[in-house]
Amino acid sequence: MNDASKDPRSNAKPHSMYYLAIVCPEQVDKKVLQFKLWMQEMFGCKAALKSPAHITLIPPFWYDESVENILLDLISSFHSDTEELEIGLQGFSHFSKSVLFVNIIPNTGLNEIRHQTELHFKKGLGDIIKEEIRPFTPHITIANRDLKPADFDKAWAHFMNRKFQVTFETQQISLLKLSPEKWNIIATYKW
C-alpha cells in the first residue's frame, strides 16, 4: 500500500498506513513468531506475520507520507512520567472467532501509556487519530483477518490450555509503516 498508493477516501497525495505500538523485544518476538508460523502451517493464516510481536497503542491510520517528518517529530517529543513498564504475557485468548492472541496481564501503567499516547498524537494530528471507543484490551495477535471462522475451533483447541508465560520490561514506543510486504519499524523512542 505504500508505493505511491493513495488513501482510498481521497484523490490527494500518496498516503501510507502507520500505527504506534510497544514492540516486544527480540526474544519475545521469536517465541510469538512460532505461534504465528503454526497458524500459517495449519490454517494458512499469514496476516499476523506482517508485523513484529507488538501491543498496539494507536491503531493503523492513513497519513501523507510526504510529511512523515511530522509523525517522527511527534513520536520523538512524546514523554511520560510512567516508569519502565513490566509487561506480563500469560496464556492465550481471542476476540469472537476472528482473532487469536497472547493474553497480557492487566497493567495500569500500560493503560496510562496508551491514554497518554492517544492524547499526544490526537493533539498533534487532530481527527487523523480516531478516538477509540472500544475498551483498551492489550494483546499480541497471532492470527486475525485471515482466520476463517470454520478453523477457529480447531485453532482455539490447540491454544486454550497451552501454557505460555513471559515478562519483559520496556520504556519505548515505536512507529510502524506499512510497505507492500510488511509493517516496518521506522522510529523507536524512549518515553
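Working only within the stretch 28-51, note down all residues that are free of Cβ contacts under 8 Å to residues at least 12 places away in the same chain and exposed (fewer than 14 other Cβ atoms within 10 Å of the Cβ).
Of everything in the stretch 28-51, those that are free of Cβ contacts under 8 Å to residues at least 12 places away in the same chain and exposed (fewer than 14 other Cβ atoms within 10 Å of the Cβ) turn out to be LYS30, GLN34, GLU41.
Among the residues that make up the stretch 60-67, is at least one of them modelled with pLDDT of 95 or more, part of a strand (DSSP E or B), in contact with a Gly (Cβ under 6 Å, 6 or more places away or on another chain) and not acidic (Asp, Glu)?
Checked against the condition, which is being modelled with pLDDT of 95 or more, part of a strand (DSSP E or B), in contact with a Gly (Cβ under 6 Å, 6 or more places away or on another chain) and not acidic (Asp, Glu), the stretch 60-67 yields no hits at all.
Mind checking whether some residue in the stretch 76-88 is surrounded by fewer than 16 Cβ atoms within 10 Å (Cβ to Cβ), within 24 Å of LYS50 (Cα to Cα), of a type outside the set (A, V, I, L, M, F, W, C) and modelled with pLDDT of 95 or more?
yes
Select from the stretch 138-191 the residues that are assigned to a loop (DSSP other than H, G, I, E, B), in contact with an Asp or Glu (Cβ under 8 Å, 6 or more places away or on another chain) and under 25 Å from ASP81 (Cα atoms) and list them in ascending order.
The one that is assigned to a loop (DSSP other than H, G, I, E, B), in contact with an Asp or Glu (Cβ under 8 Å, 6 or more places away or on another chain) and under 25 Å from ASP81 (Cα atoms): GLN171.
Quick check, is TRP183 surrounded by 12 or more Cβ atoms within 10 Å (Cβ to Cβ) and out of contact with any Pro (no Cβ under 8 Å at 6 or more places or on another chain)?
No: the conditions fail for TRP183.
Being assigned to a strand (DSSP E or B) and touching a residue at least 60 places away in the same chain (Cβ under 8 Å) is the filter here, so list the residues in the stretch 72-98 that pass it.
If the condition is that a residue be assigned to a strand (DSSP E or B) and touching a residue at least 60 places away in the same chain (Cβ under 8 Å), then LEU85, GLU86, ILE87, GLY88, LEU89, GLN90, GLY91, PHE92, HIS94 are the ones that fit.
Taking the residues in the stretch 97-106 that are within 12 Å of HIS139 (Cβ to Cβ) and not hydrophobic (A, V, I, L, M, F, W, C) as candidates, determine which candidate is surrounded by the fewest Cβ atoms within 10 Å (Cβ to Cβ). So that I can check it myself, show each step before the final result.
Start the filter on the stretch 97-106 by keeping residues that are within 12 Å of HIS139 (Cβ to Cβ), which leaves 99-106.
Subsequent filtering for residues that are not hydrophobic (A, V, I, L, M, F, W, C) retains 103, 106.
Numbers: ASN103: 18, PRO106: 10.
Among those that are within 12 Å of HIS139 (Cβ to Cβ) and not hydrophobic (A, V, I, L, M, F, W, C), it is PRO106.
Out of all the residues in the stretch 104-113, is one or more farther than 21 Å from ALA157 by Cβ, over 15 Å from the mean Cα position of the chain (by Cα) and in contact (Cβ under 8 Å) with a residue 60 or more places away in the chain?
Checking the stretch 104-113: not a single residue is farther than 21 Å from ALA157 by Cβ, over 15 Å from the mean Cα position of the chain (by Cα) and in contact (Cβ under 8 Å) with a residue 60 or more places away in the chain.
The values are calculated or read from the model by the stated rules, or taken from the named source; none is laboratory data. Quick caveat: nothing in here was measured; it's all calculated off a predicted structure. Reconstructed Cβ throughout: ideal geometry from the backbone, glycine too, with neighbour counts over all protein chains shown.
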